[in-house]
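Read the structure below first, then the notes.
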Amino acid sequence: MRLSELKQGQEAYVVKILGHGAFRKRLMEMGFVRGKLVKNVLSAPFKDPVKYSLMGYEVSLRRSEAELIEVVAESAEIPLGFSEQHLLANDDAPIHTAVDLHRRTITVALIGNPNCGKTSLFNYASGATEHVGNYSGVTVDAKEGSFTHGGYRFKIVDLPGTYSLAAYSPEELYVRRYLRDETPDVIINVVVASNLARNLYLTTDLIDMDRSMVIALNMYDELQESGAVLDYELLGGMLGVPIVPTISKTGEGLDALFDTVIRVYEGKEPAVRHIHVTLGEDIEKAVGEIKTILKADRSIFPQFSPRYLAIKFLEKDSEVEEMMKQLPQYDELCVIRKLNRDHISKIRQEDVGAAIAAEKYGFIDGALAETISGEHPTSNRATAIIDAFVTNRLFGIPLFLGVMLLVFWLTFSVGEYPMGWIESAVNWIGQTAAKLMPPGPLTDLVVDGIIGGVGSVIVFLPNILILYACISFMEDSGYMARAAFIMDKAMHRIGLHGKSFIPLVMGFGCNVPAIMATRAIESRTSRLITILINPFMSCSARLPIYVLLIGTFFSAHAALVFFALYALGVVAAIITARLLRRFVWKKDETPFVMELPPYRVPTLKATLHHTWGKGKQYLKKMGGIILVACIIVWALDYFPRHDEEPSDRIAEAQVDDSRIDISHDSYLEMIGKAVNPVMRPIGMQWRATVAAIAGVPAKEIVVSTLGVLYAGTDDIDNQTLGAKLSAGSRPDFTPASALAFLVFILLYCPCIATVTAIAKETGSWRYGLFSAVYNTAIAYIFAFIAYRVALLF
Ligand code: GDP
Ligand code: MG
C-alpha cells in the first residue's frame, strides 16, 4: 500500500520510494529509508499537506509525494505468490519482517519500439503465451505476469510499443500514463541491437525521466551475424544505464538481465549514473529556466523529473501542458517558454521540437560512433556520407589541420584590413581630442591613457571577430563536433576528453570565452584541467608582441618562430595536464558521449549571433579591465611629475649605455628596476620587465608600454620601435633575450580577465591564484632554458 492511504493515527513501515531519481534521493535524505516506521499524525480530509512522524520528528508531505512511498503495516500478510523456498534462494539479504518481504517484489515495465521483442521477452520470463507477431500493434494494452528470480518476485508488465514518449499516438499516451500512475520500480528498455540509431531515441526520453532502468540489448544474435561489434559496456557507461545483451526468442541472457534488474533495484549496480542528454546551449538555457521554477516547489509532480517536464513543456507537449495549467506559476512559465522558443527557432530556423530531436539524434550518433565498429547505419544518410571522409582515419587529421590553417589565415591576413581602418580612426580621434582640449594632465590622460591605450587594444577586435565567426561556423555546421571526435584519442592521452578540444581551440582567440565554453564538459576534473591549461593556448592579445619582436629579430625565419611559439604553448599545456592528472586529480574514467549533430549549412543569423556572443566578452574586457589598466599604467608612467620636455626623455632613452640616471624615474620605472634583478637571468632588462608587469592586466598592453618606454609614445610603428629596441652597442634586446622575452610573455601569468574567469568558472579564487603563480613559474623556467640555449648560438 501507499503512504497516502494511511489513515490518521495509523503506522506503517517504509518499503520503497518510487518516482524519479532526484525525488527518491531527497526523500531518502529526509529519512524515508526501508524499514523505518512512519505514522500519520494529522490529516484532515482533503487536506494537503499531511503531517507524518518519522524517527522522532515530524515531516509534512504533499499527498502527491506520499503516493510514491510504498509502505506496509506490521501485521501485513506474506504477499501472494511468495513461498519460503523462493525467498531463501537469496541469502545475502535475510528476511525478518513484512517490510523485507514486500521489498522483495519488483515491478518491471517493458518499454521499447514496436517489434523489438518485448512480448517474446515477457512470454519467456513469465511463462505466458501472449501472441507474438512480426507487425506492430499486436499489444494493445498492458499485460501483466509474474515469476520469481534470484530470491525476488517479479511483476512484469508488457506495454505497447512506442517510438518516443511524445503525446501523439494512443500507445505513447498509454505508456506515459502508465509511467505516471503505476511508477514501476525498474524499467526494462528493450532495444533492437542492430538498429540502435533509431531505438535509442526512446531511451533518451526515458533518460530525461530519470527512472531506474536497464537496457535489454535484444536480438543480439542479429547484431553478431551482421559482423558489427558493439562495446555495450562502454555504451552503457556513457548512457549511465546498464546494458545486457539478450535473445528473447530463445531466452538467452534473460537471467543476466533480471540479475541486473535486482542490482539496479537494490542500488548496487555500478553502471547506474544520472546523465543529461545535452541539447545545445540555447535549449539547455531554456530548459534550465523552466526547471528552476519547477524546482522551487519540490512536490510538483514527483513522478516526473523536472528536466523531463521542462523539455516536454518547451516542446508544447499537450499532456504536460494540461498538467502545468494546474500550477500557479503557469503564466510565468508560458512567458519564459515563448521568449525561449522564439529565440531558438529564430537562431536555428527550425521548430523547437525538431531542434530537440536533432540534438538527441546527435547524441545517439556520437555514442554509437564511439562504441560500434564495422558497418552501422546512422540516423542520417547525408551525414554518414560526409562523415566517411571527415572522420576518416587517414584524412581526418590533415583535413582538420588544413581547416585550422585556413582559419588562422583568414583571421590574421584578412583581419589586417579592418585593423588598419580602426587604427586610423583611433589616431584621428586622439588628434581631434588633443586639439579640442587645453594642454595639461587631463588631456594627456584622455589622449595617451584612454584613447591611446584602449585604441591599441580595440584594433584586435576584427581578428577576434573573424576567428569567432570561423569557430561559430564550424560549430553550427557540425564540423567542430567531428574535430573534437577525431581528437578524442589524442586528448585521452593527456587524460582529457574530446570535449576539451573546442575550448582549447577557442583559447587561440581569447581565453575568457574559451574558459566559459568548458561548461559543456561533464566531468569535473576534466573541466578543471581544461580551464587551467587554457591560458597556455596563445591568445590573440599576445600576437602584437610576437609581430614586433619576430619582425625585428627573426624576420628570416618568421613563420617558423611563430609556429614554434604556438607549439611551445601547446607543449606547456600538455605537460601541465599530465602533471595535474598525475598528482592532483587521478584519471577520470567516466565515459561521456560526444554528440555528433547532423551537418547543416549554418544560417547567417546563427553565426552572427554566436560570433557576437563571444565577441561581447572581449569588448567587456576592454570597457572594464583594460580601460582601468591603461589608466593605471599611464598614471604610473606619468607620475611623479617633472618638468622635462618629453623630447628629453626620448633622447635619454637613446643613450645606450648610461641608463643609470634614475633621478626622475616614474613609478613604473621604479617598480621595473626593483623587480629587474630577478629577471636578469632570463635576459630581461628593466624596460622589458616593466612591459611584462604592465601586461598582467591585459597582454595587449605590453607593446604599447614598450612604445612609451623606448619612444615616449605608444603611437609608433613596429619598425621604428624595433630599431630602438636593438639600438646601441649593448642593446636591451638581443636575439637571445628577445626569444626569452617571447617565451616568457607566451606563458606567464594570464591576464586579469582570464584569472577572473578561472575563479568564476571553478568557483574558487584558489584556482585563479594557482594559475597566476604556476604559469609565471613555468614561464620563467622555459624562458631561462630558451635564453641559455640561444646564447650558445
Ligand atoms: P514486440 O512488438 O516488441 O512485442 O515484439 P515481439 O515479441 O512480438 O517480437 C517481434 C518479432 O521479433 C517476432 O517475430 C519475434 O520472434 C522476433 N524476435 C524477438 N526477439 C528476438 C531475438 O532476440 N532475436 C531474433 N532474431 N528475433 C527475435
Ligand atoms: Mg508485443
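The values are calculated or read from the model by the stated rules, or taken from the named source; none is laboratory data. Computed from a predicted model, the values in this text were never measured in an experiment. Backbone-built Cβ (ideal geometry, glycine too); neighbour counts: all protein chains shown. Note: areas computed on protein heavy atoms with side chains; ligands, DNA, RNA excluded. Shrake-Rupley method; radii C 1.70, N 1.55, O 1.52, S 1.80 Å.
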**Report entry** In the range 7-27, the residues that are of a type in the set (A, V, I, L, M, F, W, C) and either open to solvent by less than 40 Å² (accessible area, probe 1.4 Å) or under 19 Å from Thr105 (Cβ atoms) (or both)
**Finding:** Ala12, Val14, Val15, Ile17, Leu18, Phe23, Leu27
Query raised in the report: Out of curiosity, is Glu475 open to solvent by 10 Å² or more (accessible area, probe 1.4 Å), acidic (Asp, Glu) and more than 18 Å from Trp612 (Cα to Cα)?
Result: no
Report task. Report, ordered by the first and then the second residue, all pairs with beta carbons closer than 7 Å, sequence separation of six or more or different chains, a first member in the range 575-602 that is part of a loop (DSSP other than H, G, I, E, B), and a second member that is exposed (fewer than 15 other Cβ atoms within 10 Å of the Cβ). Result -> Pro591/Leu234; Tyr599/Ala382
Query raised in the report: So is Val214 open to solvent by 10 Å² or more (accessible area, probe 1.4 Å), among the β-branched types (Val, Ile, Thr), touching a Pro at 6+ places or on another chain (Cβ under 7 Å) and not in a loop (DSSP other than H, G, I, E, B) or not?
Result: no
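Counting only residues that are among the hydroxyl-bearing types (Ser, Thr, Tyr) and over 22 Å from Thr525 (Cβ atoms), which one in the range 757-793 is farthest from the chain's Cα centre (by Cα)?
Quick first cut of the range 757-793, residues among the hydroxyl-bearing types (Ser, Thr, Tyr) only: 762, 764, 767, 771, 774, 776, 780, 787.
Retained after the next criterion (residues that are over 22 Å from Thr525 (Cβ atoms)): 776, 780, 787.
Working: Thr776: 28, Tyr780: 32, Tyr787: 39 Å.
This residue is Tyr787.
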Query raised in the report: Based on what the data block shows, is Val241 touching a residue at least 40 places away in the same chain (Cβ under 8 Å) and either within 14 Å of ligand 1 (Cβ to nearest atom) or buried (at least 23 other Cβ atoms within 10 Å of the Cβ) (or both)?
Result: yes
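Give Thr552, Thr525 a once-over and let me know the one that is under 19 Å from Val743 (Cβ atoms), among the polar types (S, T, N, Q) and either in contact with a Phe, Trp or Tyr (Cβ under 6 Å, 6 or more places away or on another chain) or surrounded by 15 or more Cβ atoms within 10 Å (Cβ to Cβ) (or both). Show your work before the answer.
Numbers: Thr525 fails: under 19 Å from Val743 (Cβ atoms).
Just one listed residue meets the conditions, Thr552.
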Query raised in the report: Is it true that some residue in the range 458-472 is in contact with an Asp or Glu (Cβ under 6 Å, 6 or more places away or on another chain), β-branched (Val, Ile, Thr) and at negative phi?
Result: yes
Report summary line: Ile275 vs (1) open to solvent by 10 Å² or more (accessible area, probe 1.4 Å); (2) without any contact (Cβ under 8 Å) to a residue 24 or more places away in the chain; (3) closer than 30 Å to Ala517 by Cα: all pass except (2)
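For every residue, the table says whether it meets (1) open to solvent by 50 Å² or more (accessible area, probe 1.4 Å); (2) within 23 Å of the chain's Cα centre (by Cα).
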{"site": "Glu222", "(1), (2)": "yes, no"}
{"site": "Thr246", "(1), (2)": "no, no"}
{"site": "Val261", "(1), (2)": "no, no"}
{"site": "Glu266", "(1), (2)": "no, no"}
{"site": "Asp282", "(1), (2)": "no, yes"}
{"site": "Lys285", "(1), (2)": "yes, yes"}
Query - Tabulated pairs, the range 152-167, first assigned to a loop (DSSP other than H, G, I, E, B), second within 10 Å of ligand 1 (Cβ to nearest atom) and open to solvent by 20 Å² or more (accessible area, probe 1.4 Å), C-beta under 6 angstrom, 6+ apart or interchain - result: Pro160/Thr139; Gly161/Pro114; Gly161/Ser136
Requested in this report: For the range 28-49, enumerate the residues that are touching a residue at least 40 places away in the same chain (Cβ under 8 Å) and either open to solvent by less than 40 Å² (accessible area, probe 1.4 Å) or assigned to a helix (DSSP H, G or I) (or both).
Outcome: Gly35
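Out of the residues in the range 197-211 that are among the charged types (D, E, K, R) and open to solvent by 10 Å² or more (accessible area, probe 1.4 Å), which is farthest from ligand 1 (Cβ to nearest atom)? Steps first, answer last, please.
Filtering the range 197-211 down to residues among the charged types (D, E, K, R) leaves 198, 205, 208, 210-211.
If we keep only those that are open to solvent by 10 Å² or more (accessible area, probe 1.4 Å) too, we end up with 198, 210-211.
On the way: Arg198: 14, Asp210: 24, Arg211: 19 Å.
Only one residue fits best here, namely Asp210.
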Query raised in the report: Which of the residues that make up the range 168-184 are in contact (Cβ under 8 Å) with a residue 24 or more places away in the chain, open to solvent by 20 Å² or more (accessible area, probe 1.4 Å) and assigned to a loop (DSSP other than H, G, I, E, B)?
Result: Glu182
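Could you tell me whether the range 131-147 includes any residue that is out of contact with any strand residue (DSSP E or B) (no Cβ under 7 Å at 6 or more places or on another chain), at pLDDT 85 or above, surrounded by fewer than 20 Cβ atoms within 10 Å (Cβ to Cβ) and among the aromatic types (Phe, Trp, Tyr)? Steps first, please.
Here is the first cut: in the range 131-147, the residues out of contact with any strand residue (DSSP E or B) (no Cβ under 7 Å at 6 or more places or on another chain) are 131-138, 140-141.
Imposing the further condition that a residue be at pLDDT 85 or above reduces the set to none.
Scanning the range 131-147, I find no residue that is out of contact with any strand residue (DSSP E or B) (no Cβ under 7 Å at 6 or more places or on another chain), at pLDDT 85 or above, surrounded by fewer than 20 Cβ atoms within 10 Å (Cβ to Cβ) and among the aromatic types (Phe, Trp, Tyr), so the answer is no.
Does Met679 count as under 27 Å from Ser771 (Cβ atoms), at pLDDT below 70 and in a helix (DSSP H, G or I)? Before you say what the answer is, go through the steps one by one.
On the way: under 27 Å from Ser771 (Cβ atoms): yes; at pLDDT below 70: no; in a helix (DSSP H, G or I): yes.
In short, no.
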Query raised in the report: What are the pairs, 6+ residues apart or on separate chains, where a residue within the range 193-220 that is within 16 Å of ligand 2 (Cβ to nearest atom) has its Cβ under 7 Å from a residue that is open to solvent by 10 Å² or more (accessible area, probe 1.4 Å) and of a type in the set (Phe, Trp, Tyr)?
Result: Leu202/Tyr163
